[in-house]
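The values are calculated or read from the model by the stated rules, or taken from the named source; none is laboratory data. What you are looking at is a predicted structure, and each value in this text was computed from that prediction instead of being measured. Note that we place each Cβ from the backbone using ideal geometry, even for glycine, and neighbour counts take in every protein chain shown. Remember, those area values only see protein heavy atoms, side chains included, never the ligands or the DNA or RNA. Shrake-Rupley method; radii C 1.70, N 1.55, O 1.52, S 1.80 Å.
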Amino acid sequence: MEHVAETSADINIAIDIMGGDRGPHVFLYAVENILQKHPKVNLTLCGDDKSKKLFASCLANNRVKYEVCEQIVNMSDKPTMAIRSKKQSSMRKALELTKCKEVDACVSSGNTGALMATAYYVLKTLPGITRPALATLLPTQNNSRVLLLDLGASISYDAESLYQYALMGSILMQECQLVEQPRVALLNVGEEEIKGHSLVKHADLLIRSSDTINYIGYVEGDDIFAGKSDVVVTDGFTGNVALKASEGIASFLSNEIKTVCTQSFFSRVLSKLAMPLFKSLYQRMNPDQYNGASLLGLRSIVVKSHGNASPEACYFAVEQAIMEVKQSVPTKIKAKIEQELMEH
């Protein structure tokens, strides 16, 4: 993750510590390390009364507050239920604090559908943005990173939405990854102009017409990790499938390497010799450092941490939120929208 200098003003982050698969304790590492590495960052933890004692040592620091919440949004809860019946949940509280500007950003590892729906309901989208997009960074072959969006913030879409995703993704890479002219590509079944259905072809025309977006055309699924582009745009259904498939392949390869390395005495010896290479590869591809999907297009910053995220991964999700606050990502997206979309 790129280093960004500390700003003079304090940054306030709300963390919904409930709802993840592993329990609220996974955020303890994140809180401790954020306090140590960011002296100007204040944290508000939203959780139930029972979990408060887990963070007793952190609460001794005057930069940490704890909001006791009566309800929890469970992984099995439907988005509509979370909005209507869980107004006192830790997720809703973190978003409400963001809405009323008591904090600058919200981080949650809770139910993805509920978070996206509630964030959309509470925070609203920026003027000119039809639908928010869920975006995450992934590693590439040339040691850089690619931003993939949408990952499922909305299953329904149109060409205008894909155009907006391209613009927002380009801004995020410029501001948070310091890529001067991000190469933006549209995911398709082929690179040829004749390939793809009508919505993709329409989106292609819209993105090409933009003077702001450095558009390079279509890419295929196997190009996502090739380093050909800095931003890959697709619809939420396809993006979610692509992300989950890549996670499955990574897990499969990791397990296969472990199996092969322990099959025989000879393979165990060779694996020890190759261990430095394995560690170097793992450090570059470690999924923890890519945790933290940004919900772009909202009036405030919301970062989604993986529900099964490790303590280290939770830390990177909070870091992502801090970086977006420092770079005023929603404000810059709004400015670009006013400059381009309103005239589009």
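General observations
- Test: residue in segment 125-143 that is within 30 Å of Gly47 (Cα to Cα) and among the hydroxyl-bearing types (Ser, Thr, Tyr): yes
- Residue match in segment 194-217 (condition: under 23 Å from Ser294 (Cα atoms), charged (D, E, K, R) and either in contact (Cβ under 8 Å) with a residue 12 or more places away in the chain or surrounded by 16 or more Cβ atoms within 10 Å (Cβ to Cβ) (or both)): no
- Which listed residue is modelled with pLDDT under 95, surrounded by fewer than 22 Cβ atoms within 10 Å (Cβ to Cβ) and touching a Leu at 6+ places or on another chain (Cβ under 8 Å), from Leu134, Leu138: Leu138
- Thr118 being assigned to a helix (DSSP H, G or I), farther than 26 Å from Val200 by Cβ, under 19 Å from the mean Cα position of the chain (by Cα) and without any contact (Cβ under 8 Å) to a residue 60 or more places away in the chain: yes
- Breaking point among (1) more than 17 Å from the chain's Cα centre (by Cα); (2) not in a loop (DSSP other than H, G, I, E, B), for Val146: (1)
- For segment 43-62, the set of residues classified as crowded, with 17+ Cβ neighbours inside 10 Å, in contact (Cβ under 8 Å) with a residue 40 or more places away in the chain and either more than 21 Å from the chain's Cα centre (by Cα) or part of a loop (DSSP other than H, G, I, E, B) (or both) consists of Gly47 only.
- The one condition from (1) crowded, with 22+ Cβ neighbours inside 10 Å; (2) at pLDDT below 95; (3) part of a strand (DSSP E or B) that Val107 does not meet is (2).
- Qualifying residues in segment 82-104 (those that are open to solvent by less than 30 Å² (accessible area, probe 1.4 Å) and among the charged types (D, E, K, R)) - the one nearest to Tyr66 (Cα to Cα): Arg92
- Members of segment 32-42 that are open to solvent by 30 Å² or more (accessible area, probe 1.4 Å) and of a type in the set (S, T, N, Q): Gln36, Asn42
- Lys99 vs. criteria within 22 Å of the chain's Cα centre (by Cα) and among the basic types (Lys, Arg): yes
- Condition check for Arg284: modelled with pLDDT of 70 or more, assigned to a helix (DSSP H, G or I) and either surrounded by 11 or more Cβ atoms within 10 Å (Cβ to Cβ) or over 14 Å from the mean Cα position of the chain (by Cα) (or both): no
- Top-ranked residue in segment 288-324 [being among the polar types (S, T, N, Q) and at pLDDT 90 or above; ranked as nearest to Val231 (Cα to Cα)]: Ser294
- Test: residue in segment 7-16 that is open to solvent by less than 70 Å² (accessible area, probe 1.4 Å), more than 22 Å from Val325 (Cβ to Cβ) and of a type outside the set (D, E, K, R): no
- Candidate set from segment 218-241 (those that are assigned to a loop (DSSP other than H, G, I, E, B) and hydrophobic (A, V, I, L, M, F, W, C)); member that is most open to solvent (accessible area, probe 1.4 Å): Phe225
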